[in-house]
Amino acid sequence: MLRIDNLKTEPTRSADALRERAAAVLRVDASAITEVRVLRRSVDARGGAARFVWAVAVSLPNEAAVLRRCKSKDVTRYREPDAYAPPPRLARTPERRPVVVGAGPAGLFCALVLAECGANPIVLERGKCVEERAADVRRFWETGALDTESNVQFGEGGAGAFSDGKLNTGTRDPRHGWILERFVRYGAHPDILIDARPHVGTDRLYVVLQNLRRALLSAGADVRFGHRLVDIETADGGVSALRISSPEGEYTLQADRVVLAIGHSARDTFERLHARGVPMEAKPFAVGVRIEHRQSAVDAAQYKEAAGNPALPPTSYKLAYHTRGGRGVFSFCVCPGGQVVASASETERVVTNGMSEFARDGANINGGLLVSVTPEDFGGAADDPLAGVALQRRLESAAYRAGGGGYAAPAQLVGDFLANCPSTGAGGVEPSYRPAVKWGDLRACLPDFICDALAEALPELDKKLRGFAAPDAVLTAVESRSSSPVRIARDETYRSPLRGLYPCGEGAGWAGGIMSAAADGMRVGEQIIRELSDNES
C-alpha cells in the first residue's frame, strides 16, 4: 500500500471524494485504486478556507512504479504501525493478587492488562459505579448537595468521566492504538481511530466504562466500589497489607503489590501516604478559571465564511502566552459545545471543570485558562510535599466564599475583569455552570499573580483568536484541579522506594490526560506481570 498525507477536500465533500483526490495525486485513474483506508482526519482553517485534511493508505497495481512516477513528498510506502504486544499470560494466578487502588484511566487499564494476563487483580474504588455516580453528580449540579465520595473527582472512570473525553496524545506508543481500539470495542465512536483530536464525550464514556467493567469482571478481576484506602501496613521495607473502609466496615487486605492510581484529588490519601513516609514531592501545576464563549462566535473566528457548515465539527482552540515575568498562561481541556461543571470533592470548596457530550451541540464553548504555579508560589514550608494541596484548598475555599455558599461559583465578564470592576450580570454569553454563579470580582478569590497574568494574557491571546477577550465572555473560578500538585517517587521500574508500591497515572504525578494515564497504567501492569512471571520460573 501507499500512504498519502495532506490530502485535502472541501468540507462539503464526503469521504467518497478521497479516491478521486488520491488518484489525482498519484497520477492514475481512480478505477485503478482497489482500496482506500483512512488513517487520519483533521480540519485546516488557515487562510479563511476550512478544509478537511486526510492521511490515507491506498492499494493499486504496480505501486513501486507509481511511487517513482508521482514524485510527491506526501506519498510514501505505507507501513503498518507497531502493534501492542501484551506480556505472556501467567501460568497460574498469584497467591496474593495485585491490588489496584483507583478506577480512573490509569487504574482501569492497569487492571485490564493484569486481568488479561491472568493475575486476577483486585480493584478498589472509593466512589461508586458510573451509573450511581452520574445520579449523584447530577443531583449536586441541580441542588448543591455534595456527596464527598461520589462526585466529579471520585468514582468509576475518575475525573475524566466528566469531561470532553479527549484522547489527544503527542507521543507515539503502540499502547495508544490498543487503548483507542478498546474504547471503540466498549462503545466509543469509531471516528476516534482517525480523528486528529479524538473525543468520546461524557455520554458515551458512561457506556464505555460499564462495558470495560464487564470485561474486567469476565477476565477475573474483582472490582469493589465504595472501598477507600485508609492506611498502608508495612513490614521489612515493603507493603504488607492495606486498611480499607467499605460500606460494610473496615477490613484488612493482605497485599504485596499495590498500584496507586489514586487520581489528583485524593488529598486524604496523599496525607496518609506522607505520614507513612512514602517519598513524594510538590510539583508545579496550574491554576486559573474557565473561560466561556458562544460556540458560534469561535466558529466564525476560525472558520470564517465556512462557519455554520454542518459538515464541519464545532471548532476548538489551543492558546498559550508567556508573560513578561516569564509565567505561562495557556488554554486547557477545551470543551466545544460543552458546559462548565461544578467539580468539588470537599465541603465548602468550589472547583470548576469542563465537559461536553459526543455531539458537542451546546451553545457555548469553554476551556480552562490557566496560569502556571511553582512550589515557590505555594507558601508554607519549602520542603512540604503537600504545600500545593494547601494552596488549592485556600483558593477553593476563597471561591466558595466569593460565590456566597451553596457551591455557586464566582463569575466575572472579561471586559469587567480587564477594567478592574465587578460584574453584575451576564452579557451575550449565558454561563452554563450549575447550580449557579454569583457575579462579582474574581480578585476576591484569586491571588494577584494569577489575576495579573490573566489580565496581561487576555489581550495577547485575542490577537491569536479574534474575540477571545470579548467583553461579554465569562470567567468562572476556580479551575484548580488541572493536574496533581504532588509527585510520588518511583524508579525506572515504576516502583516506589517502599517495596511493593507502584505510583501510577495523573494523581501520582506521572501522566496528564486520559491517554497518557491509561498508557502509564498499562506499563505498570506489564512490570508487575514480568515480576510475577520471573517468580514462576
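Data for the structure
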{"item": "Cβ-Cβ under 8 Å pairs, at least 6 apart or on other chains, the stretch 335-363 side touching a residue at least 40 places away in the same chain (Cβ under 8 Å) and basic (Lys, Arg), far side open to solvent by 10 Å² or more (accessible area, probe 1.4 Å) and not in a loop (DSSP other than H, G, I, E, B)", "result": "349/393; 349/397; 349/400; 360/199"}
{"item": "Strands (runs of 3 or more DSSP E) enclosed by the stretch 225-332 - at least 1 residues per element that are out of contact with any Gly (no Cβ under 9 Å at 6 or more places or on another chain)", "result": "228-235, 238-246, 249-254, 285-294"}
{"item": "Residue 345 at pLDDT 95 or above and either assigned to a strand (DSSP E or B) or surrounded by fewer than 20 Cβ atoms within 10 Å (Cβ to Cβ) (or both)", "result": "no"}
{"item": "Pairs where the first residue, in the stretch 417-434, is without any contact (Cβ under 8 Å) to a residue 24 or more places away in the chain and the second is open to solvent by less than 50 Å² (accessible area, probe 1.4 Å) and among the β-branched types (Val, Ile, Thr), C-beta under 9 Å, 6+ apart", "result": "423/474"}
{"item": "Extreme residue, farthest from residue 337 (Cα to Cα), among residues of the stretch 423-435 that are open to solvent by less than 80 Å² (accessible area, probe 1.4 Å) and touching a helix residue (DSSP H, G or I) at 6+ places or on another chain (Cβ under 7 Å)", "result": "423"}
{"item": "Which numbered condition residue 471 fails, given (1) closer than 25 Å to residue 304 by Cα; (2) out of contact with any Gly (no Cβ under 7 Å at 6 or more places or on another chain)", "result": "(2)"}
{"item": "Every residue from the stretch 189-208 that is open to solvent by 10 Å² or more (accessible area, probe 1.4 Å) and either more than 16 Å from the chain's Cα centre (by Cα) or at positive phi (or both)", "result": "189, 190, 191, 193, 194, 195, 207"}
{"item": "Within the stretch 438-455, tally of residues that are crowded, with 16+ Cβ neighbours inside 10 Å and among the acidic types (Asp, Glu)", "result": "2"}
{"item": "Selected residue (criterion: farthest from the chain's Cα centre (by Cα)) from residues of the stretch 73-90 that are open to solvent by less than 90 Å² (accessible area, probe 1.4 Å) and closer than 23 Å to residue 258 by Cβ", "result": "90"}
{"item": "Residue satisfying condition, being touching a residue at least 12 places away in the same chain (Cβ under 8 Å), within 24 Å of the chain's Cα centre (by Cα) and not in a loop (DSSP other than H, G, I, E, B), within set 460, 456, 396", "result": "396"}
{"item": "The stretch 156-214, subset among the acidic types (Asp, Glu) and modelled with pLDDT under 95, residue nearest to residue 137 (Cα to Cα)", "result": "203"}
{"item": "Filtered residues of the stretch 157-167 (kept if in a helix (DSSP H, G or I) and either open to solvent by less than 10 Å² (accessible area, probe 1.4 Å) or in contact with a strand residue (DSSP E or B) (Cβ under 6 Å, 6 or more places away or on another chain) (or both))", "result": "161"}
{"item": "Checklist (1) assigned to a loop (DSSP other than H, G, I, E, B); (2) touching a residue at least 60 places away in the same chain (Cβ under 8 Å) applied to residue 187, failing item", "result": "(2)"}
{"item": "Identity of the residue in the stretch 124-149, open to solvent by 10 Å² or more (accessible area, probe 1.4 Å) and of a type in the set (Gly, Ala, Ser), that ends up nearest to the chain's Cα centre (by Cα)", "result": "134"}
{"item": "Residue ID - most open to solvent (accessible area, probe 1.4 Å), chosen from residues in the stretch 367-393 that are part of a loop (DSSP other than H, G, I, E, B), more than 18 Å from residue 507 (Cα to Cα) and aliphatic (A, V, I, L, M)", "result": "382"}
{"item": "Filter result for the condition that a residue is touching a Gly at 6+ places or on another chain (Cβ under 6 Å) and in contact (Cβ under 8 Å) with a residue 24 or more places away in the chain, over 168, 211", "result": "211"}
{"item": "Unique match (being buried (at least 24 other Cβ atoms within 10 Å of the Cβ) and either not aromatic (Phe, Trp, Tyr) or not in a helix (DSSP H, G or I) (or both)) among 109, 154", "result": "154"}
{"item": "Condition check for residue 93: surrounded by fewer than 24 Cβ atoms within 10 Å (Cβ to Cβ) and either modelled with pLDDT of 95 or more or under 20 Å from residue 264 (Cβ atoms) (or both)", "result": "no"}
{"item": "Members of the stretch 15-72 found to be buried (at least 18 other Cβ atoms within 10 Å of the Cβ), closer than 28 Å to residue 298 by Cα and touching a Lys or Arg at 6+ places or on another chain (Cβ under 7 Å), listed by number", "result": "51, 52, 54, 55"}
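The values are calculated or read from the model by the stated rules, or taken from the named source; none is laboratory data. Keep in mind that this is a model prediction, so the values were computed, not measured. Glycine gets a Cβ as well: all are built from the backbone with ideal geometry, and neighbour counts include every protein chain shown. Just the protein is used for accessible areas: all its heavy atoms, side chains included, with ligands, DNA and RNA removed. Shrake-Rupley method; radii C 1.70, N 1.55, O 1.52, S 1.80 Å.
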